[in-house]
Amino acid sequence: FQFFWLSLNVWLFGKTFLLYNQGLQYYYLHQMLGLGLCVSRASASVLNLNCCLVLLPMCRVLLAFLRGSQKVASKKTRRLLDKSKTFHVTCGVTICIFSVLHVAAHLVNALNFSENYNEEFVTLNAANYRGEDPRKLLFATVPGLTGVIMVLVLFLMCTASTYAIRVSNYDIFWYTHNLFFVFYILLMLHVSGGVLKYQTNLEEHPPGCFNPNKTLRQNLTVPKAFEELFPDSTTEPFPEDLPVPEPFVQNSFMRVCSEEPKFQSHFPETWFWISGPLCLYCVERLYRYIRSNKPVTITSVISHPSNVLEVRMVKDDFEARPGQYVILHCPRVSALESHPFTLTMCPTDTKATFGVHLKVVGDWTERFRDLLLLHSNQDTEILPIFQQRRYPKLYVDGPFGSPFEESLNYEVSLCVAGGIGVTPFASVLNTLLDGWKCYKLRRLYFIWVCRDIESFRWFADLLCMLHNKLWQENRPDYINIQLYLSQTDGIQKIIGEKYQALNSRLLIGRPRWKLLFDDIAKCNRRKTIGVFCCGPNKISKILHKLSNSSNSYGTRFEYNKESFS
């Protein structure tokens with residue numbers, strides 16, 4: 001996809017380059033600026049397209065609506081919606097690449113405006129006189145100054161978006177990425193300068209034509225037919241009503257101008273490109289603010305092993321589907337920061353409670369945990385309703401769609417989780433516990449890989465309850481649970497008598513993915529299986545490759561991915 005999008009942008013760059021290189025309306029400007037004009041305008045067209053589209057993947061409410069509505073009935077089309085983050089990153093990288101070309105071209109243009117100052121067409125010049133310092137064009141004009149600031153903002157956003165900074169200090173990424181609003185304001189000011197102009201009267205003044213009203217014609221070769229009409233000594237202008245000799249009119253090497261060339265600045269096309277998506281994004285953010293301005297009621301906070309915190313809460317008129325996620329905002333932790341967390345429990349017709357599991361790995365989650373738990377060493381804290389004021393105010397924005405909503409829409413699904421990546425599947429398992437017959441899913445392969453044995457206790461009770469329920473309903477084959485302990489010093493078990501069903505499914509080591517896929521394909525011949533993964537990129541790449549591989553059983557694997565890295 002990234003290669004296709006880059007190719008499309010290169011094609012757009014080439015078409016615009018040819019337009020400005022061959023267009024007659026840019027003839028005089030091209031004579032002054034050369035290829036700098038073509039490169040700057042071609043890169044600007046690519047930047048307009050990407051600055052327009054980069055906002056759309058961030059319209060989460062719109063994406064959730066399209067995914068949940070019947071307007072997008074095809075699974076393949078819905079899977080394209082799950083590539084929204086990839087598309088956003090691709091547009092961002094494209095903006096960075098073509099911004100370098102755009103800046104380089106305008107540096108050349110500033111130099112050419114100064115050196116090639118045209119005294120014949122004063123309005124066409126951006127410089128005030130020949131030899132003017134090009135730095136004045138960069139720092140003393142609105143287009144130049146806004147362009148310089150935009151480069152600095154884009155540099156901050158680009159560098160802070162790298163994987164190393166996002167992992168080591170998410171705050172830097174968060175705050176610098178929100179500079180996009182400053183970037184778009186500067187962009188609208190940047191294009192309002194009207195530095196580059198085009199000719200508007202091509203019919204009256206074709207480029208390169210002969211203008212007999214000019215007083216400076218010493219360098220022009222005047223045909224003999226005009227020598228008698230215009231002697232060298234005359235200073236009178238050429239009468240407009242004087243008939244032009246027929247031989248000269250029919251001569252194709254030169255046309256007569258009827259007026260001076262007129263130049264006009266382009267209307268800021270960038271406004272057309274970005275106004276729609278920017279307004280849509282602002283309206284959505286306003287809607288999300290209104291929807292999430294009422295704090296939720298926290299019913300319980302549970303501390304799990306391996307630094308995992310479970311928060312259960314209720315909110316009026318809150319509805320969500322299994323696999324969706326929400327964004328949590330706690331003003332006492334941070335006035336501006338908010339973070340996404342997958343729902344591990346969704347509200348149903350019988351209960352309004354929903355919940356999330358979050359792993360304490362950074363400053364935000366550490367401060368959030370300390371505010372929720374009275375004592376850091378306390379394992380469980382469940383307070384009665386009249387004491388809920390002790391919890392800090394918590395706002396929930398969402399829910400928003402994710403690929404895991406599709407896991408219940410396949411007849412057979414393979415769900416692979418790595419560590420805390422199990423959270424999207426927890427809501428699916430909770431939903432199946434309430435009732436599975438209303439869904440299309442008839443067989444679920446659940447693979448969970450963890451480094452330590454204690455991590456399995458996050459959802460051990462849930463897995464055991466679902467296992468027992470299916471056995472009671474005589475459907476033990478509905479779910480196939482495989483737990484893998486990747487690091488261990490010896491044989492270990494999940495402590496507790498009630499976990500015996502899981503201990504028998506606990507394996508030491510890592511899954512043998514190729515054998516696993518072959519076995520699933522053999523048991524589900526000529527069926528389409530949905531593959532869902534939430535975990536490290538290494539596992540994701542292996543599953544993606546195996547899903548695209550053919551097999552001798554006619555089984556088709558459709559890959560879906562969510563990454564928390």
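The values are calculated or read from the model by the stated rules, or taken from the named source; none is laboratory data. Note that the structure is a prediction, hence the values are computed from the model and not measured. Note that each Cβ is placed from the backbone with ideal geometry, even for glycine, and that neighbours are counted across all protein chains shown. Please note that ligands, DNA and RNA were not included when accessible areas were found on the heavy atoms of the full protein model with its side chains. Shrake-Rupley method; radii C 1.70, N 1.55, O 1.52, S 1.80 Å.
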Heavy-atom accessible area with a 1.4 angstrom probe orders Ile290, Ile185, most exposed first, as Ile290, Ile185
At q = 0.14, 0.15, 0.21, 0.26 Å⁻¹, what is the base-10 log of I(q)/I(0) for region 68-156 according to the Debye formula with one equal point scatterer per Cα and no solvent? Please give it to two decimals. -0.65, -0.69, -1.00, -1.21
For a label point 7 Å from the Cα of Phe3 along Cα→C-beta, name the residues of region 521-565 whose backbone N is under 16 Å from it. 545
Residues in region 513-535 reached by a label modelled at Asn551 [backbone nitrogen below 20 Å; 7 Å Cα→Cβ]: 513-534
Please go through the residue pairs Lys527/Lys561; Lys437/Lys538; Lys83/Lys437; Lys15/Lys136 and name each one whose alpha carbons sit more than 28 Å apart in this structure. Lys437/Lys538; Lys83/Lys437; Lys15/Lys136
Hey, got the dipole for region 419-565? About the Cα centre, +1 on K and R Cβ, -1 on D and E Cβ, debye to the nearest 20? 680 debye
What is the distance in Å between the Cα centroid of region 461-480 and that of region 160-200? 52 Å
For region 273-325, what percent of Cα pairs sit more than 19 Å apart? 55 percent
Additional length obtainable on full extension of the chain from Asp461 to Cys209, 0.36 nm per residue less Cα span: 82.0 nm
List the lysines whose Cα lies under 24 Å from the Cα of Lys393, skipping any in the same chain that are fewer than 8 positions away. Lys294, Lys315, Lys351, Lys359
Roughly how many nanometres apart are two label points built 7 Å out from the Cα toward the Cβ at Leu80 and Tyr27? 4.4 nm
Nitroxide proxy distance, nm - points 7 Å out along Cα→Cβ at Val100 and Asp434: 5.1 nm
Please say if region 424-534 is rounded, prolate or oblate, where rounded means a/c under 1.5 for a ≥ b ≥ c the square roots of the C-alpha gyration tensor eigenvalues, and otherwise the choice is prolate for a/b larger than b/c and oblate otherwise? oblate
In nm, spacing of pseudo-spin labels at Phe139 and Asn480 (7 Å Cα→C-beta vector): 6.9 nm
Between region 255-301 and region 307-332, how far is it from one alpha carbon centroid to the other, in angstrom? 30 Å
What does the accessible area of Lys522 come to, in Å² to the nearest 10, when a probe of 1.4 Å is used? 110 Å²
How much length is gained if the chain between Ala335 and Glu119 is pulled fully straight, taking 0.36 nm per residue apart and subtracting their Cα-Cα distance, in nm to one decimal? 72.1 nm
Which log10 I(q)/I(0) values, to two decimals, does region 422-467 give at q = 0.31 Å⁻¹ under the Debye formula with one point per Cα? -1.37
To the nearest 10 square angstrom, how much accessible area does Leu156 have with a 1.4 angstrom probe? 80 Å²
Once Arg505 and Asp317 are pulled to full extension, the length gained, defined as 0.36 nm per residue separation minus their Cα-Cα distance, is 63.8 nm
